[in-house]
Amino acid sequence: MAHSGLPSRGQTSKMEVWTAEIKGRARRRIGEISKGLEKEKPGVKSKLSPSGGTQSKRETLEEAGIAKSIAHRCEKLTEIPESRMEEMYAEAREKNNPNKLIHNIKAYFDVAYYIE
């Protein structure tokens, strides 16, 4: 049989895990940046920006094309300790299953919810 040039199932799974890890790291970084943005002050809205002429968090996220709900989920990822995230990435790579990463993140928050 001739080689089709397409990746094998095993190679595809590795690429999916790799992609999931990249997305996870990017989302966590978005969360870190989003958490650091200055929010608008409650009350009267004016055309003036927050202190120092910088954009508000809402404006910055909007300009970047990031919905507030997505930014909030990304911020939640920063609550997971970096060492635990690395363990999750390693487990997904070891199992060759990108869904393992998603499962571990959801499980972390389920456990964290019940502990608090």
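Bear in mind these aren't lab numbers, they're just calculated from the coordinates by the rules spelled out. Bear in mind that the values here come from a model prediction, so they are computed numbers and not experimental data. Neighbour counts are summed over all protein chains in view; Cβ atoms, including those assigned to glycine, are modelled from backbone coordinates with ideal geometry.
Structure notes:
- Derived scalar couplings between HN and Hα for the range 87-102 equal 4, 5, 4, 4, 5, 5, 5, 4, 7, 6, 9, x, 5, 5, 5, 4 Hz in order, rounded to whole Hz, by the Karplus curve 6.51 cos²θ - 1.76 cosθ + 1.60 (θ = phi - 60°), x for Gly and Pro.
- Distance in nm between pseudo-label sites at Glu38 and Lys14 (7 Å out along the Cβ direction from Cα): 4.8 nm
- Entries of Lys14/Lys100; Lys35/Lys68; Lys39/Lys76; Lys68/Lys95 with Cα pairs more than 22 Å apart: Lys68/Lys95
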